[in-house]
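Asks: Before I ask anything, let me first share the structure, which is written out below as structure tokens.
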Amino acid sequence: QVQLVESGGGSVQPGGSLRLSCAASGIIFNIYTMGWYRQAPGKQRELVASVTSGGSTNYVDSVKGRFTISRDNAKKTVYLQMNSLKPEDTAVYYCNARRVGDNRWGKGTLVTVSS
């Protein structure tokens, strides 16, 4: 059974930091591209950051220089370090695992940035 379980969400003031984690089970983790998506109220889900099996990373422009995605294949976990958080980063953040013919989602974790 495939599971992606996110943790680390919460409430933080603008300028603060959070680290999201996504623990995977039931997949051959190291062959998947792992990603973090987010969905704010009334908006479409968007890709925030991704990291390929080879370690190449990609970020949406709005988080470049503030967020860092990383993966630990031994722990089957992907992380999203979020610094200098802004109110517009408020959203439900979803973990994603994908490869050709397979696409998996976690249930999401809420991040709220507010003073």
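The values are calculated or read from the model by the stated rules, or taken from the named source; none is laboratory data. The structure presented is a predicted model; accordingly, all values stated were derived computationally and were not measured. Backbone-built Cβ (ideal geometry, glycine too); neighbour counts: all protein chains shown. These area figures cover heavy atoms from the full protein model, side chains too; ligands, DNA and RNA do not enter into them. Shrake-Rupley method; radii C 1.70, N 1.55, O 1.52, S 1.80 Å.
Asks: Return the residues of segment 32-52 that are surrounded by fewer than 21 Cβ atoms within 10 Å (Cβ to Cβ) and out of contact with any Lys or Arg (no Cβ under 8 Å at 6 or more places or on another chain); say none if nothing qualifies.
Replies: Ala40, Pro41, Gly42, Lys43, Gln44, Leu47, Ser50, Thr52
Asks: Could you list, in sequence order, the residues of segment 99-115 that are of a type outside the set (Val, Ile, Thr) and either assigned to a loop (DSSP other than H, G, I, E, B) or touching a Phe, Trp or Tyr at 6+ places or on another chain (Cβ under 7 Å) (or both)?
Replies: Arg99, Gly101, Trp105, Gly106, Lys107, Gly108, Ser114, Ser115
Asks: Here are the criteria: (1) open to solvent by less than 20 Å² (accessible area, probe 1.4 Å); (2) touching a helix residue (DSSP H, G or I) at 6+ places or on another chain (Cβ under 9 Å); (3) farther than 22 Å from Val113 by Cα. Tell me which single one Leu4 does not satisfy.
Replies: So Leu4 meets the others, but not (2).
Asks: Regarding Ser17, is this residue open to solvent by 50 Å² or more (accessible area, probe 1.4 Å) and within 16 Å of Thr112 (Cβ to Cβ)?
Replies: yes
Asks: If you don't mind, another one. Could you list all residues from segment 79-110 that are open to solvent by less than 60 Å² (accessible area, probe 1.4 Å) and either more than 17 Å from Val60 (Cα to Cα) or of a type in the set (Phe, Trp, Tyr) (or both)?
Replies: Tyr79, Tyr93, Tyr94, Ala97, Asp102, Gly106, Gly108, Thr109
Asks: Just to be sure before I move on: is Gln81 of a type outside the set (Gly, Ala, Ser), under 18 Å from Val111 (Cβ atoms) and touching a residue at least 60 places away in the same chain (Cβ under 8 Å) in the structure I sent?
Replies: When the stated conditions are applied, Gln81 passes them.
Asks: Here is a further query. Could you check segment 70-105 and list, in sequence order, the residues that are in contact with a strand residue (DSSP E or B) (Cβ under 9 Å, 6 or more places away or on another chain), farther than 20 Å from Ser11 by Cα and among the small types (Gly, Ala, Ser)?
Replies: Answer for segment 70-105, where residues must be in contact with a strand residue (DSSP E or B) (Cβ under 9 Å, 6 or more places away or on another chain), farther than 20 Å from Ser11 by Cα and among the small types (Gly, Ala, Ser): Ser70, Ala97.
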